[in-house]
1. Rounded, prolate or oblate: pick one for the chain, where a ≥ b ≥ c are the square roots of the eigenvalues of its C-alpha gyration tensor, a/c under 1.5 means rounded, and failing that, prolate if a/b is larger than b/c, else oblate.
2. Quote the relative contact order of the chain in percent (integer), defining contacts as alpha-carbon pairs under 8 Å separated by 6+ residues.
3. Per DSSP H run of at least 4 residues, take -39500 (n - 2.57); add these up for the chain, divide by its residues and hand me the 222 nm value, nearest 500 deg cm²/dmol.
4. If you line up the long axis of helix 17-26 against the longest principal axis of the chain, both from Cα atoms, how many degrees apart are they, to the nearest 10?
5. Where in region 54-91 does the amide nitrogen come within less than 15 Å of the point 7 Å from the Cα of residue 5, taken along Cα to Cβ?
6. Using Cα atoms only, what is the angle between the long axis of helix 160-175 and the major principal axis of the chain, expressed in degrees (0 to 90) to the nearest 10?
7. Please sort 192-199, 124-131 by packing, taking for each peptide the average over its residues of neighbouring beta carbons within 10 angstrom, highest first.
8. Taking 8 Å as the Cα distance limit and 6 or more residues as the minimum spacing, I'd like the relative contact order of region 133-187 as a percentage.
Ligand code: DGL
C-alpha cells in the first residue's frame, strides 16, 4: 500500500537542511515536513527545561501535520530533549547521537575521536556516554563551538571569521591526536571544506545524519511505513522570518526548495 504520511524533521534553524539532504537521497520517496525554530536559534546555549519546552511544541506541531516519525535534525535536541519527548509521545523518534557514535567507532583507527558540538550537547555528555556504551576503549574529546551556529545563520561559512573560530576550536582536538571528528551539530557540515583544510585530509569527518537517516529507513521498513515510489512533497515551516530562511536555503542547498511559511507555535 505505502504510507504517504510525511516524515517530520526539525532543527533550530537552517542546519537541519544537511539532514534533509540525506533524506532526499536515502529516503527519496518520503514526503517531509521541516520545522526550523528560527525565532529561537541558537539552541546551543539554552537550558534543558527550555529545550524540552521548545521540542514539546514542535512535536505537537509536527503531529498536527500527521507525521509518521520524527527525525531530530538537531544534535542539541537529540542530546537534551529526546528522552523526555519519547516518554510523552508514541510517534517513533530518531536522534543523531547513537548513529553518529556508531559511524565514528567504525571510522577511528587510533580510538581517539573528536566531537565538535554546541555547548548544550557537550554539557549533556551524550556522545561520550553513548561511546562508552558501544566501545569503552574509544576516548571522545569534546569541544564546544558557540560561535559557529550564528556564523552559519548569517551565511558566513567561508569567511576569515569562520576560519579563525574553527582554528581555535580545532586546536585542542588536533593536539589530542584525534583521527576522526564527529560533526556534532547539523550546522557544521556547511564548514566541511574549511575543517578538512585545518585538520588535514587524514582526519575522517563523520556526519551523523547519514546513519541517522538509515536508521529512520530501517524503522519505517520494519513498521511497514515506507512510502511508495513517486510523489514526495516537501513543506518548510519556521518560527522566525521565512524570507531569511529561504535566502539561506538558496545559499546552502543545491536544490530548489518550496518557500518557507511562518507559523506561531
Ligand atoms: N543544529 C543544531 C544542532 O545540531 C542546533 C544548533 C544551535 O541552534 O545552537 O545542535
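Read-outs: derived from the displayed coordinates by stated rules, not from any lab. Computed from a prediction, not measured in an experiment: that's the story for all the values here. Glycine gets a Cβ as well: all are built from the backbone with ideal geometry, and neighbour counts include every protein chain shown.
1. Verdict is prolate for the chain.
2. Reported relative contact order: 28 percent.
3. Working: 12 runs with 121 residues, N = 265.
That calculation yields -13500 deg cm²/dmol at 222 nm.
4. Taking the Cα atoms of the chain, the angle to 17-26 is about 70 degrees.
5. Label zone hits: 59-71, 89-91.
6. Once rounded, the angle reads 60 degrees.
7. 124-131, 192-199
8. Dividing the mean separation by the residue count of region 133-187 yields 45 percent.
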